[in-house]
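Some notes on the structure that comes next.
The values are calculated or read from the model by the stated rules, or taken from the named source; none is laboratory data. Note that this is a predicted model, so its numbers are computed, not measured. Virtual Cβ from ideal backbone geometry, glycine too; neighbours counted across all protein chains shown.
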Amino acid sequence: MDTKVFLQNLKDRGYEVSSFATKEEAAEYLDKTIDQMSVGMASSVTLDELGLYEKLRTHNTVWWHWCIPDGMSDREVRFKERGTSIYISSVNGAAISGELVNIDNTGNRVAEIAYGHDKVYLVLGRNKLAEDLEKAVERARNVAAPKNVKRMNRTGTPCAFSDHCFDCKSAERICRILMVLWEKPRGAQYEVIYIDEDLGY
């Protein structure tokens, strides 16, 4: 995959773009850039692998429903994420041509990416890249979603025992909403953080 073409295509679509060789470099950049801010974080193995919650919370107010404070519910923390200045997420697939793809279950992540924050950071590793939009969607459905189902131990879905989507009707299905960012949404700053390592699902 031609990374330079991908990064240029993102710029052409309106995104700020930062590229790093390692997750440590990317995490250090975000830690220095985001300071004394309110921050919401999406469900993301990539963000977990960067250790962003632990870094950012020392000098920011960070809400992440993977780390729920005592006395609060998951739902309460998700609502706190909605009111932050900064939102950080990953993506499930990225086309070389610059389209970014996410699949969501409850809709909170795609809603937060689309609207409501001053700045959104989208963090992804090289393993998320696909040849085109069709392949990026295919990756989101047949790579990211099954791996997340297994991580969450949702054994009521057929993809928990396979490596592809069955378009099932299970009550435990997590792929309920598909978002494609064709261009940078209006009304906020968006920065794509590309890391030349395999990260997350």
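Need a quick list: strands (runs of 3 or more DSSP E) entirely within region 40-157 having at least 2 residues that are touching a Gly at 6+ places or on another chain (Cβ under 7 Å). Correct list: 86-90. The number of residues in region 1-28 that are within 14 Å of Leu122 (Cα to Cα) and of a type in the set (Val, Ile, Thr) comes to 1. Of all residues in region 39-62, those that are among the small types (Gly, Ala, Ser) and surrounded by fewer than 18 Cβ atoms within 10 Å (Cβ to Cβ) total 1.
Within region 74-91, one or more residues are surrounded by 18 or more Cβ atoms within 10 Å (Cβ to Cβ), in contact (Cβ under 8 Å) with a residue 60 or more places away in the chain and either of a type in the set (S, T, N, Q) or farther than 24 Å from Asp31 by Cα (or both).
The number of residues in region 26-39 that are farther than 22 Å from Asn102 by Cα, touching a residue at least 40 places away in the same chain (Cβ under 8 Å) and part of a helix (DSSP H, G or I) comes to 1.
Scanning region 127-150 for any residue that is in contact with a Ser or Thr (Cβ under 7 Å, 6 or more places away or on another chain) and at pLDDT below 95 turns up at least one such residue. Cys159 passes every criterion in (1) without any contact (Cβ under 8 Å) to a residue 24 or more places away in the chain; (2) farther than 30 Å from Tyr53 by Cα apart from (2). Do the conditions hold for Thr46, that is, is it at pLDDT 95 or above and more than 23 Å from Gly125 (Cα to Cα)? Criteria not met by Thr46. Set side by side, the residues Cys165, Cys175 differ, and just one is in contact with a strand residue (DSSP E or B) (Cβ under 7 Å, 6 or more places away or on another chain), part of a loop (DSSP other than H, G, I, E, B) and at pLDDT below 95, which is Cys175. Return a yes/no flag: does region 181-189 have any residue that is in contact with an Asp or Glu (Cβ under 7 Å, 6 or more places away or on another chain), surrounded by 15 or more Cβ atoms within 10 Å (Cβ to Cβ) and in contact (Cβ under 8 Å) with a residue 60 or more places away in the chain. Yes; the residues of region 181-189 include at least one that is in contact with an Asp or Glu (Cβ under 7 Å, 6 or more places away or on another chain), surrounded by 15 or more Cβ atoms within 10 Å (Cβ to Cβ) and in contact (Cβ under 8 Å) with a residue 60 or more places away in the chain.
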